[in-house]
């Protein structure tokens, strides 16, 4: 779900990313320039990752929230006593101003307190509240993402080998999450044969999703690895454009959780393309 929000924002912002691209040396340079500008615009948006300013785990029973220090969830805006989240086994309700309503995970049922949005995440036994603040310091202090120079040789056509299976991903906070793997891409880079296993975010996904870590990780690029999207295979082939490799959401806020690359996607080469490290 977290990737869908980013990709939708990029698609919207791309329509307005023509100015820098107009001065690019080649059409491919223009494409990458437009992609980068759209990517940053999506991050800066009201629903971008830069607005995530808190994560609070809920316990069984009542959890109070508001601006007062006496609350279990202390907010930077709104009344001193804004309300309560009440967890009863597999059900979460919010009580505010004398009224109560049941919450479902996801942004559609966000609780508004002043300028803030409080969004329920998780599942029975592991519910949390994500805080979005349009005045977040992460958004205010954002100055863009540094990237490697565009190098066309890092756009490669790979052979796609089908092989549907389920993989278990380690998460950055220690949890585990299952994901569908439809197969892997085989390609050469700098004369070296490599492969990357693809993931599908959901059964109806229209793109492949790759989580990878290369030898630049922890140096020039984000230590945990990077993400890469690609169109679904055509005629047994898939295009991997590492100039569009990007940082995971947890690079932009300490309150986000990200999947880590599967062992098979830890590459023994340097991928000097795409976004460089961004630290909070």
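Bear in mind these aren't lab numbers, they're just calculated from the coordinates by the rules spelled out. Note that the structure is a prediction, hence the values are computed from the model and not measured. Neighbour counts run over all protein chains shown; Cβ positions are idealised from the backbone, glycine included.
When residue 136 is tested against (1) buried (at least 16 other Cβ atoms within 10 Å of the Cβ); (2) free of Cβ contacts under 8 Å to residues at least 60 places away in the same chain; (3) in contact with a helix residue (DSSP H, G or I) (Cβ under 9 Å, 6 or more places away or on another chain), just one condition goes unmet, and that condition is (2). Within region 139-161, restricting attention to residues that are in a strand (DSSP E or B) and touching a residue at least 40 places away in the same chain (Cβ under 8 Å), the residue that is farthest from residue 240 (Cα to Cα) is 147. The listed residues are 224, 230, 205, and the only one of them that is in a loop (DSSP other than H, G, I, E, B) and under 21 Å from residue 148 (Cα atoms) turns out to be 224.
Is it the case that residue 225 is more than 18 Å from residue 157 (Cβ to Cβ) and touching a residue at least 12 places away in the same chain (Cβ under 8 Å)? Break it down stepwise before answering.
Values: more than 18 Å from residue 157 (Cβ to Cβ): yes; touching a residue at least 12 places away in the same chain (Cβ under 8 Å): yes.
Yes, satisfied.
A quick yes/no check of all residues on (1) farther than 26 Å from residue 126 by Cα; (2) out of contact with any strand residue (DSSP E or B) (no Cβ under 6 Å at 6 or more places or on another chain):
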site: 31; (1), (2): yes, yes
site: 36; (1), (2): yes, yes
site: 39; (1), (2): yes, yes
site: 49; (1), (2): no, yes
site: 57; (1), (2): no, no
site: 60; (1), (2): no, no
site: 63; (1), (2): no, no
site: 68; (1), (2): no, yes
site: 71; (1), (2): no, no
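Condition (residue is in contact (Cβ under 8 Å) with a residue 24 or more places away in the chain and either more than 21 Å from residue 253 (Cβ to Cβ) or touching a strand residue (DSSP E or B) at 6+ places or on another chain (Cβ under 8 Å) (or both)) applied to region 97-105: is it met by at least one residue?
First, the residues of region 97-105 that are in contact (Cβ under 8 Å) with a residue 24 or more places away in the chain: none.
Within region 97-105, not a single residue is in contact (Cβ under 8 Å) with a residue 24 or more places away in the chain and either more than 21 Å from residue 253 (Cβ to Cβ) or touching a strand residue (DSSP E or B) at 6+ places or on another chain (Cβ under 8 Å) (or both).
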